[in-house]
Every structure is written in C-alpha cells, then in structure tokens.
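First up is the structure itself, then whatever we jot down about it.
The values are calculated or read from the model by the stated rules, or taken from the named source; none is laboratory data. Please read all numbers here as calculations on a predicted model, not as lab measurements. Reconstructed Cβ throughout: ideal geometry from the backbone, glycine too, with neighbour counts over all protein chains shown. Remember, those area values only see protein heavy atoms, side chains included, never the ligands or the DNA or RNA. Shrake-Rupley method; radii C 1.70, N 1.55, O 1.52, S 1.80 Å.
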Amino acid sequence: MTPQWPPRVALLQGTIDLRILCAAVLGAGLLGANPALAAEPELTLRYDKPATTWTEALPIGNGRIGAMVFGSTNEENLQINESTLWGGRPHDYTNPDAVSHLEGIRNLIFAGKAAEAASLAERVMGRPKLLMPYQPFCNLRLHFRGESPPEAYRRELRLDQAIATTSYLENGIELRREAFASYPDQVLVLRLTAGQPRQLTFAIGIDSPQEGARVDTAGKDVLLLTGQVQPRQNPANSWIGSWEEPGLRFAAIVRVLPEDGSVRADDGRLEVTGASAVTILVSNATSFRNYRDIDGDALAAARGSLDRAARRSFEDLRRRHVADFQALFSRVQLQLGDTVSRETTDRRIAGFDATDDPGLMALYFHVGRYLLISCSRPGGQPANLQGIWNQELRPAWGSKWTTNINLEMNYWLADAGNLWETQEPLWDLVRDLRVTGAETARVHYGAKGWVLHHNTDLWRAATPVDGPWGLWPMGSLWLANQMWDHYEFSQDREFLAREAYPAMRGAAEFALDLLVTAPAGSRAAGRLVTNPSTSPENNYLVDGKGHSLTYAPTMDQQLAGELFERCRKAAAILGVDADFAKRLEDAGSRLPPPQVGARGQLQEWIEDYTEAEPGHRHVSHLYALFPGQGIDVERTPALAAAARRSLELRGDGGTGWAAAWRVALWARLQDADRAYANLRFLITKSTLPNMFDLHPPFQIDGNLGGAAGISELLVQSTADEIRLLPALPKRWPTGQLTGVRVRGGATVDVSWKDGRLTEARIRTESALRYRVTCNGQTTDVMVEDRAPVVLDSTLQRVGP
C-alpha cells in the first residue's frame, strides 16, 4: 500500500499542488473544542528592540536560501546563505594505504593495545583528514537616515507564515518591513512600506565576506555580486580542512522595485528616494551541480529565478509563499495551557526558570518545525549543524554533517511531525554517499556495500576523518535504519523499494564484511564483532589513561542487529533476497548480547570500563532505547532498567542536543519528571534570544531534537501499538496535539485535561489494527479506511 496522504509538495509551472492545501486543512484540528485551552496556539516570536547580535536575529529560509534578519532601524542587515556554498572543491578523500593497516589495527585492539592501535589508525585517515566548511554568502545592507528616534518598535517572526516583520514609528509615520524566503519562487523578498506616501528614502548595498567578491551595478535598479571561493589555509585546531585551489563560483542579484519615487545607482549601491513602497528581490546561486561537478553558471541560475519572480506582484509572491509554507506547517498543532502571552520572547525565555510557562514550551515545539521546513526542502541540501544559517568563514566544526548523532537528530521530527518532504534532501545525500561510501568500503576495508564514518561534507566524504576517534564505521547503518523508520511511518512501498532497501542492503553488506570473530580469551569470544570502532566521541579508562578505539562497542551491535532484522523484513515485503536474508539472520544470532555492568548500567563497551568523562554528552549505548526500538519498558524490562541506570549515571543536561536526546530517552522510559527536567535545561540553559539552541555555540540539532522529544512525551508508536500520553509532564495538565503521525501509517489527535486523556482520534487511509494504551488502560482498535476512530477518556470507542 502506497499512501497518498499527505502528498509531497508539487510545483508544476509555478502552481502549488492543491492536494497539499486540502491536506493542511484536513490534517489538523479535528478534535472537539477543548474549552480549557486558549483559542489559538502561540505561533509568533516577539521582540521590542532590534537584534544586536547574530543570535538575536530572526531566521528565514526556503531550504536553499537562508537569511538572518536583524530588524535595525538605521542600518538593517540581512545576512544571507545558500546551501551549496562550501569550501573546497570535488575531491576523492579515500586513502589507498588504509586497507594495508586494517589487520594490524584489529590485532592491536584485540590484544588490549589501544594506544598503539590509535597511533596506527592515523595512517588510515582520509586525505585530507579534515573536511570542508559550509560558508557565508553575502550581506544585504539597508541604510536609513533615521532623523528621529524610533517609537513603538516591534520585531516579529510569524511561524505559521514564515515572515519576519519589523515596524516602528518615525516622526509619527509607521514604517514597516516584511521579509521571507520563497520556496515556490526561489528568491528572498523584502517589502518596505510607509504609513504615508513617498516617505521611504534609503540606500541599498551588498557585500560578501568571501575574498575577492565583486559588486557591480546593472542599470539603475540592480546590484550584482559575483565571486569564487578562494584557496584558504585553516588552522588545524579549527577542525576545518584547507584547500589550495579556487572552488565554487557564486552570484547574487538584487533588484529594487519601487512604487512612486525613484531609484538610481551610485558607487556600487542603489539609492531609493521618495517611494511609498519598495519590493527588494534577492536571488543567489552557486556553480554547484553535484558533488563531482561545479561547472554550473551561477549568474545565469540567479538571474533565472529573479526574472521569474520579478514578473509577479508582491501580493502574489507573498500569497504563494504563505500557501506553500502553511501547507506543511499547519499539519500539526500543539497547545499547552489556557493563556496566550504577549510578553516578548526573550523575556519569556529569561523568566522561564520561575514560570515554567507551558505556552513557551509549545512555542519551542513549533519553532523546531518551522526551522526544519525552513532549512530542508526538496532540491536543497540536508540540514547541517547550523541548519542553513551561518555567518562565519570558520564555523564551529565546519557547520558540516556530523553523522554519529547530529544529522540523524535533525530529522527525528520529520516523520512524527508530519514533515516527510523535508527528508528528501537527506535521501538525496544518502544516494550520493552510497557511491562514495562504496568506494571507501572497497579502498579502506576491502569490503562490499557502503560505509560512512562520523562526518561528511558537500563533497560526500565517507572516510574516517579528524583522528583515531573518527574510526567509527557505522554511519551508513544508522542512516539506513532511519530510512526504514520512514517506511514504518509512511508505509510507502515505492520508497522502500527505490530508496530505503538498496541503502539498507548496502549498509548490511558492509557490516557483514566488517564483522570478525572475536578471538578466544576475549569477552566476546566466538561472537561476531565490529573492529576497529569507537563509542562515538567518548573515551574509556585503562590504567588511568583514556582510549577511544575498541571492538564491539554496544551501539555497533545495536545498529547492526536492528539493521539485519529490518533488512530481513524489507526483503520479505518486497519478495527479494531470501538467501541474503538468511545470511543476516545467521550473523545477527552471533552478535554479542547486551552487557549489564557492575553498577547495574547498560555497558557502553564490551568490557565494563570506567568512562573518562562520566557526564559525557553522547549516550550512544542507549541507541536501542531511542531512536531505536530494541529496548522497551514493557517488552525488555530488565534492559530498560539497565538503560535507566545508565542515564542516571550519565546525568541530565550537557550540550543542547545532548539534553534533547535525554528528553526522548526519558520519554521512552515513561519518566515524565526526568524528561521535563531536560526540557527545562534546554530552555533555561541552552536557548538563545531568537530561540536557536546554544550547543554552545549555536547548533540546530538541539532545536529539532527537542521538538521531537516533546512529541515523544505525548505520543509514541510501533507498527502496531500507539501509546497516548506516555510521559505527560505535570506542568502540562491541559493540552492538545493534532496531526501527529505514528508508525503503521495513521494520524493521531489527542486532547487532555487535568492530566488525563479526554479524547483521541486515529485516522488512516487503509485498514489498520492497533493496540492503544493510556494511563494503564489498553484497547484494540480497527481503523477503517477514511473512517476515524474516536476514543474517550477510558479508551472506549465513541460513535460507530
């Protein structure tokens, strides 16, 4: 069965697919009115002063173009990105010498000589061993005369419209700006209006932090910025690679469309005088075609989008943008509490420690959905460590794709959050990595299938990088498992056959070749184990010294076991590869079982080592609890208890994304208090004024993972079970969540009051059977095609 709801965004000759608009209308708000809730969810970020730092500016984006809007009254700045502007150029990272050292590293690890193994592992790193960084593109600057101090200043971001606004009074006249990044028209749009005619007089400029960028005028109303990423030497301690040849070409075009008044070019900028309203269009592009080809025409690409957009009125551009964005955003709604705050967002964040404002938590959830839509759309690149927004030439960790948790976490929200389209760039990345990863598997391991280590970049690196701790060869397995998870939510057989199963089979093929039999005398003697590997970014202690390299870290066995089982299921569904499925069954039976240590914890390593950093941010050995499904409070209570002990020992909080992961883990353990404690940490310790997550520094995974964790508190699922309110925080006694997706293919709405379920609705487009649980009660329901099942507070069916 291939579901048709919700459909993907389809753009045919500039027309938004009407099925999406229907889905948006039908996909949310089907519950009966809950009188204990505010009439509408809070969907606006509010401020009463301009941004003075980048982390106070407001993000807008269309999956390819991103911008940070400062909202200044005299010197406005829109800092702009484009998802394919990166350092470096097409490059093969493989190291032909790597495979010759593999057996030596394995033997040293089995012999307990981790330090010597680490020294040898330096010889198997990719070439170079540091990857390339995501880059800032340009700044659009507006200079206003500012003849009198502004009054009644307001700066807002409407999440449901994806429009950032700035308004204020100057000499009693209202001045207003609206900014948005249009996905249908692929341009950045800035609209300026005045409360009285001919009151807009200002200058427009554009510049870039990229060395050698050039600015020209083309006629009286157009600015051109062109350039090429130049060679750069970056210090090794920046964890960013260097490159010695020019790379991507880039171009941006600014066109000014005034109403009344005049515009003229003057010394590399444009001067607008006496206008009543002005529309500014910005189009930017690079020469990137794919990870092997950067010979595209950046200027022609930018000009094409601009010319098409310029033929439309501002009203039409805005209408198309809002309709497109709302078609995705409005599918899911969350309301917590009975009031709507008019306080500014920064003050609400600062005061949360005292208020536990439930409305701010709901707003945080919606911000996560907003950011995912804004930074990941079909045709663009996946969300990187900073989504799509970056102002630094040397951003933290290169603002690349870290694949030992961060990239995967960016998309945890996509399935349950009913944002399937946002995953298409991720699947595109996997398709490329299956090629580069296959070559890396062959060159580095002499193996079939495809491999991915802990980072990749625009050039699709799949090699081990950074240092010996980067010798973690399980990234392909994690992404392949995530593709199966999407199939479980969507039941999209075409996706399974075309995208997921080929990736899953290739990752499983690599794992079969990677696994070796642990020697006699070792903890896992006779078992199939990964070697070499690590537990991502964590070290264990032996004789007081920290080491990363090991064999059979717990996460590896969880990833491999889960993938082998899912590959077998997929092969059966598709009616293929029976012999391969038998190989996977046999290999899976030989993996080491989970180990419980002396402290009652689920061990992170095959040995009961002491952690070098007991409160470490990664909790990789708990993958099977979340996002995996191998550990469950009902099906595997002993392992769930060991996982709980591990979480207790590791502690709450940490970095932003670490706290977000802990929210979901505690939710799976059905411990609402501990989950909420980590949510509080996210707000009070790790949320910036613009609601970006503070890693530190800013990383978007905390936002997206935190929103996914909130969803897990309220609805959890397997292919045949739905758990309603499994970890409802006491601070949220009243609320409503509509439009959330569950495994098996259904959509669920749930409403509660005084901490108890009031109503749930389950709907689907095919006949499905679920076991539904809530507050210790259980019922079995059969959901018929297009006929929603309504359950009351005791899980009794209401109506026919």
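A few comments on the model shown:
- Qualifying positions in the range 212-233 - open to solvent by 20 Å² or more (accessible area, probe 1.4 Å) and over 20 Å from Arg269 (Cα atoms): Gln228, Gln230, Pro231, Arg232, Gln233
- Identity of the residue in the range 197-211, in contact with a Ser or Thr (Cβ under 8 Å, 6 or more places away or on another chain) and not in a strand (DSSP E or B), that ends up surrounded by the most Cβ atoms within 10 Å (Cβ to Cβ): Gln199
Residue by residue, here is whether (1) within 23 Å of Ala524 (Cα to Cα); (2) within 31 Å of the chain's Cα centre (by Cα) holds:
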| residue | (1), (2) |
| --- | --- |
| Arg583 | yes, no |
| Gly588 | yes, yes |
| Pro593 | yes, no |
| Ala612 | yes, yes |
| His616 | no, yes |
| Asp652 | no, yes |
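- The number of residues in the range 424-436 that are in contact (Cβ under 8 Å) with a residue 60 or more places away in the chain, more than 15 Å from Ser376 (Cβ to Cβ) and either small (Gly, Ala, Ser) or open to solvent by less than 30 Å² (accessible area, probe 1.4 Å) (or both) comes to 1.
- Looking at Leu679, Leu665, Leu704, Leu669, just one residue is out of contact with any strand residue (DSSP E or B) (no Cβ under 9 Å at 6 or more places or on another chain), under 16 Å from Met361 (Cβ atoms) and modelled with pLDDT of 95 or more, and that residue is Leu679.
- For the range 234-252, a residue qualifies if it is among the small types (Gly, Ala, Ser) and open to solvent by less than 50 Å² (accessible area, probe 1.4 Å), and the qualifying residues are Ser238, Gly241, Ser242, Gly247, Ala251, Ala252.
Conditions (1) of a type in the set (D, E, K, R); (2) assigned to a helix (DSSP H, G or I); (3) open to solvent by 40 Å² or more (accessible area, probe 1.4 Å), marked per residue:
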site	(1), (2), (3)
Val278	no, no, no
Ala301	no, yes, yes
Arg319	yes, yes, yes
Gln326	no, yes, yes
Arg331	yes, no, no
Gln335	no, no, no
Glu343	yes, no, yes
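- Of all residues in the range 746-762, those that are under 17 Å from Glu721 (Cα atoms) and crowded, with 21+ Cβ neighbours inside 10 Å total 7.
- Residue in the range 629-638 that is farther than 19 Å from Ala500 by Cβ, open to solvent by 10 Å² or more (accessible area, probe 1.4 Å), among the hydroxyl-bearing types (Ser, Thr, Tyr) and out of contact with any Lys or Arg (no Cβ under 8 Å at 6 or more places or on another chain) present: yes
- Leu102 vs. criteria outside any loop (DSSP other than H, G, I, E, B) and either closer than 26 Å to Leu429 by Cα or open to solvent by less than 10 Å² (accessible area, probe 1.4 Å) (or both): no
- The set of residues from the range 695-747 being within 22 Å of Phe681 (Cα to Cα) and in contact with a Gly (Cβ under 6 Å, 6 or more places away or on another chain) comprises His695, Ile700, Gly702, Asn703, Leu704, Ala707, Pro733.
- Of the strands (runs of 3 or more DSSP E) that lie entirely inside the range 46-88, those containing 1 or more residues that are buried (at least 21 other Cβ atoms within 10 Å of the Cβ), touching a residue at least 24 places away in the same chain (Cβ under 8 Å) and small (Gly, Ala, Ser) span 58-61, 65-69.
- Sole exception among (1) at positive phi; (2) open to solvent by less than 10 Å² (accessible area, probe 1.4 Å) for Trp478, by number: (1)
- Annotation for the range 409-429: at least one member residue is under 26 Å from Gln228 (Cα atoms) and within 13 Å of the chain's Cα centre (by Cα).
- Subset tally (residues that are within 13 Å of the chain's Cα centre (by Cα) and more than 19 Å from Thr687 (Cβ to Cβ)) for the range 363-379: 3
- Residue match in the range 268-278 (condition: free of Cβ contacts under 8 Å to residues at least 12 places away in the same chain and over 28 Å from the mean Cα position of the chain (by Cα)): no
- So Leu371, is it open to solvent by less than 10 Å² (accessible area, probe 1.4 Å) and outside any strand (DSSP E or B): yes
- There is no residue in the range 136-157 that is under 28 Å from Thr550 (Cα atoms), open to solvent by 10 Å² or more (accessible area, probe 1.4 Å) and touching an Asp or Glu at 6+ places or on another chain (Cβ under 7 Å).
- Residue in the range 404-413 that is touching a helix residue (DSSP H, G or I) at 6+ places or on another chain (Cβ under 6 Å), modelled with pLDDT of 95 or more and of a type in the set (Ser, Thr, Tyr) present: yes
The rows are residues; the columns are (1) polar (S, T, N, Q); (2) in contact (Cβ under 8 Å) with a residue 40 or more places away in the chain; (3) open to solvent by 10 Å² or more (accessible area, probe 1.4 Å).
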{"residue": "Val367", "(1), (2), (3)": "no, yes, no"}
{"residue": "Glu392", "(1), (2), (3)": "no, yes, yes"}
{"residue": "Trp412", "(1), (2), (3)": "no, yes, yes"}
{"residue": "Gly417", "(1), (2), (3)": "no, yes, no"}
{"residue": "Thr422", "(1), (2), (3)": "yes, yes, no"}
{"residue": "Thr440", "(1), (2), (3)": "yes, yes, no"}
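- Some residue of the range 158-170 being surrounded by fewer than 18 Cβ atoms within 10 Å (Cβ to Cβ) and under 30 Å from Ser262 (Cβ atoms): yes
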